[in-house]
Amino acid sequence: MKTRGVVFGLAWLLLGLLSCANETVEVCEAELEDGLTSSRRGAVVNATIHAWDSYKRYAWGLDELKPVSRSGVNTFSGMGITILDSLDTLYMMGLESRFEEAREWVATELSFESVGIVSVFETTIRALGGLLSAYEQTGDEIFLEKAEDLGNRLSVAFEDSAIPKPRCSLSSRTCPKYLETDESLLAEVGTLQMEFHKLSRLSKDKHLRTLGRKTLDYVRRLGSSMQPEHNGVPPSVVRIDDASFTGDRRTFGAPSDSFFEYLPKMWVLMRKRDDFLRDMFRASVRGLADFLIAAPDVGVMVRDQIHGVFLDRMEQFTCYIPGMLILGIDAAESETERREWEILAANITKTCAAFFTHGSRGLAGELLYTRDGKVQVTPGYELRPESVEALFYMWRHTKDPIYRDMAWQIFQSIDTHCRLDVGYSAVAFVKDKYEPRDVMHSFFIAETLKYLFLIFSDDHVLELDSSVLNTEAHPLKVDVDP
Ligand code: DMJ
């Protein structure tokens, strides 16, 4: 596979030199660059076709593909999550016939009536976000209709408690007693407002129109529960009955991550008019400073804190941070602060790329840490998007080709080590050898391949002035009317 890459590069250069014979150096370089970018984009589209066609052949209608077993599995109680999560990627890439078959399935097969207990957060970001984005891109009413049905069913989570219940049944429209817990996670509470805000604005249904405000109020409630000692970064567990914080962990990683990410995203979606969100975001970025530590050679590590002690390790999950800083850059209070955020975003992105360059086989494990002054990455790769997400925002912000080159290297590692005859698989390091984990998460097409495609596309394919990508990379349009 590596040889394939080298041969491809040389052939490309030769072809370029021949066709540039009569042009100025600048024009010739620009043409070569365009050609290289479009061939990289083509490779990403081909990977998407392989992933999608494999899912279609072996797991159609089930939630996710098991690429080794050549079958499917219901990880979301059977709502075809890969289809819902892939709609806008297929559409954006111009894969028309594949998008049409997905649309047909949504129109004729998708029913939430038989879907049992699901995570309210995961279903909101993947299924509701996917349907709403597909509706905004195509104007096809079927997507809004399904989003309304889903939004109504999920809204039972918002009844009779200060904070949403984390797991509910879509079929019985209840959050069963035996599942009721007293606690929820920061990301589960604070990653609903973009999707429900959008649904409220698009729907004519009276009940649905109230939900945007309701989900945003949860975030305000969390803001009001914060204590000065949290310094903008509260513990990751929230009590459902009174929205107070509990637990001994403060982190920008997994149980909290998209709570921070949605502060600037929601602010931008609402045309930067909500000062409460802006101020919470600013406070969290200022609090982030405590969590940073220089990592030798590779940039800056984002640590987490347990029992008041910082652990010198960084989760790959935290690689949404550079995008969050770039997207929310207008919330900086001064030119100096703006510049600081830009530098921080660039430094964290370096570490995010290092997850791959320092990871074994060029793949990113879940954790990066230092041992004897050397950077180490845990082995394995879950097909996660966060590092390429960082590269995407940095590319858009700086137009420095280094970000495209890093993204291409990452794509090649994934294509070399995760691609199977059927689909792509997460890989684990078991008993001294690499093994496919037999899972192709729905976020691989929704996010990883979409961000890679966007990195190698012109900006007009997705303008960041008029759309905000939710945490599952589903673009939602910025509010237009006052
Ligand atoms: C995705 O489902 C979303 O990005 C979520 O916010 C957290 N991480 C996974 C992918 O790693």
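Within segment 360-404, work out how many residues are under 15 Å from HIS417 (Cβ atoms) and among the aromatic types (Phe, Trp, Tyr).
Qualifying residue count, segment 360-404: 1.
Here are some residues: SER155, SER133, SER97. Which one is of a type in the set (Ser, Thr, Tyr) and either in a loop (DSSP other than H, G, I, E, B) or farther than 21 Å from THR210 by Cα (or both)?
Just a single option satisfies the conditions, and that option is SER97.
Please verify whether segment 207-219 includes one or more residues that are of a type in the set (D, E, K, R), within 16 Å of the ligand (Cβ to nearest atom) and either modelled with pLDDT of 95 or more or surrounded by fewer than 17 Cβ atoms within 10 Å (Cβ to Cβ) (or both).
Scanning segment 207-219, I find no residue that is of a type in the set (D, E, K, R), within 16 Å of the ligand (Cβ to nearest atom) and either modelled with pLDDT of 95 or more or surrounded by fewer than 17 Cβ atoms within 10 Å (Cβ to Cβ) (or both), so the answer is no.
If you scan segment 416-437, which residues turn out to be under 17 Å from PHE355 (Cβ atoms) and at pLDDT 95 or above?
Matches in segment 416-437: THR416, HIS417, CYS418, ALA426, VAL427, ALA428.
List every residue pair whose Cβ atoms lie under 6 Å apart, where the two residues are 6 or more positions apart in sequence or sit on different chains, the first residue falls within segment 247-258 and is under 13 Å from ILE306 (Cα atoms), and the second residue, located anywhere, is more than 16 Å from the ligand (Cβ to nearest atom) and in a loop (DSSP other than H, G, I, E, B).
As it stands, the answer is GLY247/PRO235; ASP248/HIS307; ARG250/VAL233; ARG250/PRO235, since those pairs meet every condition given.
Among (1) crowded, with 18+ Cβ neighbours inside 10 Å; (2) under 15 Å from VAL44 (Cβ atoms), where does HIS417 come up short?
The one condition HIS417 does not meet is (2).
For the condition more than 13 Å from GLN316 (Cβ to Cβ) and touching a Ser or Thr at 6+ places or on another chain (Cβ under 7 Å), what is the one hit in ARG371, ARG361?
Exactly one residue qualifies, and that residue is ARG361.
Restricting attention to segment 117-143, which residues are surrounded by fewer than 19 Cβ atoms within 10 Å (Cβ to Cβ) and of a type in the set (Val, Ile, Thr)?
Matches in segment 117-143: ILE117, THR138, ILE142.
Kindly establish whether LEU65 is in contact with a Gly (Cβ under 6 Å, 6 or more places away or on another chain), touching a residue at least 40 places away in the same chain (Cβ under 8 Å) and not small (Gly, Ala, Ser).
Taking the combined requirement at face value, the residue satisfies it.
Name the residue, out of GLY94, GLY72, GLY130, that is closer than 29 Å to ALA43 by Cα, of a type outside the set (S, T, N, Q) and within 16 Å of the ligand (Cβ to nearest atom).
Exactly one residue qualifies, and that residue is GLY130.
Say whether the condition of being within 16 Å of the ligand (Cβ to nearest atom) and more than 20 Å from the chain's Cα centre (by Cα) is met by at least one residue in segment 424-434.
Yes, segment 424-434 contains at least one residue that is within 16 Å of the ligand (Cβ to nearest atom) and more than 20 Å from the chain's Cα centre (by Cα).
From the list LEU464, LEU452, exactly one residue is closer than 17 Å to THR398 by Cα, among the aliphatic types (A, V, I, L, M), touching a residue at least 24 places away in the same chain (Cβ under 8 Å) and assigned to a helix (DSSP H, G or I). Which is it? Outline the logic, then answer.
Details: LEU464 fails: assigned to a helix (DSSP H, G or I).
Criteria check complete, one pass: LEU452.
Tell me, yes or no, whether segment 168-179 has at least one residue that is more than 16 Å from the ligand (Cβ to nearest atom), over 30 Å from THR246 (Cα atoms) and assigned to a loop (DSSP other than H, G, I, E, B).
yes
Looking at GLY61, is it within 28 Å of ALA407 (Cα to Cα) and either crowded, with 17+ Cβ neighbours inside 10 Å or under 23 Å from the mean Cα position of the chain (by Cα) (or both)?
When the stated conditions are applied, GLY61 does not pass them.
When segment 469-482 is examined, which residues are found to be within 16 Å of the ligand (Cβ to nearest atom) and under 14 Å from GLN137 (Cβ atoms)?
In the first step, residues of segment 469-482 are kept if they are within 16 Å of the ligand (Cβ to nearest atom); the result is 469-476.
Those that are within 16 Å of the ligand (Cβ to nearest atom) and under 14 Å from GLN137 (Cβ atoms): LEU469, ASN470, ALA473, HIS474, PRO475, LEU476.
Could you list, in sequence order, all residues of segment 285-301 that are touching a helix residue (DSSP H, G or I) at 6+ places or on another chain (Cβ under 7 Å) and either of a type in the set (A, V, I, L, M, F, W, C) or part of a loop (DSSP other than H, G, I, E, B) (or both)?
Within segment 285-301, VAL285, ALA295, VAL298, VAL300, MET301 qualify.
The values are calculated or read from the model by the stated rules, or taken from the named source; none is laboratory data. This is a predicted model, so every value here is computed, not measured. Cβ: placed from backbone, ideal geometry, glycine included. Neighbour counts: every protein chain shown.
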